[in-house]
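First up is the structure itself, then whatever we jot down about it.
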Amino acid sequence: LAGDLAIFQSGDRVTALDSSNGQERWSMPIKNGWDYVGADVHGDMAVIATGVGGKRPGDFADGRVAGVRASNGVQRWEHESGGGLLGAPSIYNDTVFVPWDRQKIAVLDAKKGEEICRILALDYTISSVDAEPSGVFFGSVPSETMPSMLFRFNVKTATGRREGSTVF
């Protein structure tokens with residue numbers, strides 16, 4: 001669920017249903033063999049991430065983020081990852097945050113889809129980003145060598161290192 005939409009993959013398409021009545025509002029094609037990764041909605045902006053591969057270290061991975069009108073699915077922009085599996089996007093004000101290749105967060109302009117910057121994690125992995133009214137948070141799932149972590153997106157975390165970051 002994102003905003004007033006239920007967004008999901010149905011065959012080779014991403015479909016958005018109006019959550020109040022279950023009627024299809026729009027759908028968009030997915031490249032052959034790709035999967036829906038996630039979406040977020042803010043106002044009339046829906047951001048959809050799709051990708052392929054990358055389930056194991058060393059696998060080829062690729063992804064795409066598309067900005068569409070939430071009301072009708074008309075595409076506003078798209079941004080190809082150029083290699084690197086994506087995670088579900090999250091919109092904060094006019095900015096889109098997207099986990100990128102388990103080690104970065106791509107920060108995009110929500111109106112144009114242009115990349116503003118990337119935050120690189122040097123000593124942890126990134127598996128999710130979540131924008132809340134109180135700020136943007138990102139985290140990782142636990143591994144054999146690392147506990148799960150939750151970071152607050154701020155100037156301290158821009159260093160890309162756990163030490164000195166706002167982390168829980």
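The values are calculated or read from the model by the stated rules, or taken from the named source; none is laboratory data. For clarity, every value in this text was computed on a predicted model and none was experimentally measured. No Cβ is skipped: glycine too gets one built from the backbone with ideal geometry, and neighbour counts run over all protein chains shown. Note: accessible area is taken over every heavy atom of the protein model, side chains too, but ligands, DNA and RNA are not part of it. Shrake-Rupley method; radii C 1.70, N 1.55, O 1.52, S 1.80 Å.
If you check V98, V47, V74, V68, which single one turns out to be under 17 Å from the mean Cα position of the chain (by Cα) and over 20 Å from F138 (Cα atoms)?
Criteria check complete, one pass: V68.
Residue by residue, here is whether (1) in contact with a strand residue (DSSP E or B) (Cβ under 6 Å, 6 or more places away or on another chain); (2) buried (at least 16 other Cβ atoms within 10 Å of the Cβ) holds:
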residue: G3; (1), (2): yes, yes
residue: G11; (1), (2): no, no
residue: D18; (1), (2): yes, no
residue: W26; (1), (2): yes, yes
residue: G33; (1), (2): yes, no
residue: G43; (1), (2): no, no
residue: I48; (1), (2): yes, yes
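Do we have R118 as surrounded by fewer than 19 Cβ atoms within 10 Å (Cβ to Cβ), in a strand (DSSP E or B), of a type in the set (D, E, K, R) and at pLDDT 95 or above here?
No.
Collect the residues in the stretch 104-115 that are surrounded by 18 or more Cβ atoms within 10 Å (Cβ to Cβ) and not in a strand (DSSP E or B), keeping them in residue-number order.
Once the filter is applied, which keeps residues that are surrounded by 18 or more Cβ atoms within 10 Å (Cβ to Cβ) and not in a strand (DSSP E or B), the stretch 104-115 yields only A110.
Would it be correct to say that S165 is modelled with pLDDT of 90 or more, assigned to a loop (DSSP other than H, G, I, E, B) and either basic (K, R) or open to solvent by less than 70 Å² (accessible area, probe 1.4 Å) (or both)?
no
Looking only at the stretch 9-48, how many residues end up being part of a strand (DSSP E or B), in contact with a Pro (Cβ under 9 Å, 6 or more places away or on another chain) and over 23 Å from N93 (Cα atoms)?
2
Among the residues of the stretch 127-150, how many are among the hydrophobic types (A, V, I, L, M, F, W, C), open to solvent by less than 70 Å² (accessible area, probe 1.4 Å) and over 24 Å from G3 (Cα atoms)?
Adding up the residues that qualify gives 2.
Check whether at least one residue in the stretch 70-77 is touching an Asp or Glu at 6+ places or on another chain (Cβ under 6 Å), within 26 Å of S27 (Cβ to Cβ), crowded, with 16+ Cβ neighbours inside 10 Å and of a type outside the set (S, T, Y), and report yes or no.
There is at least one residue in the stretch 70-77 that is touching an Asp or Glu at 6+ places or on another chain (Cβ under 6 Å), within 26 Å of S27 (Cβ to Cβ), crowded, with 16+ Cβ neighbours inside 10 Å and of a type outside the set (S, T, Y).
Within the stretch 79-103, track down each residue that is more than 19 Å from A158 (Cβ to Cβ) and not in a loop (DSSP other than H, G, I, E, B).
Matches in the stretch 79-103: H79, E80, L86, I91.
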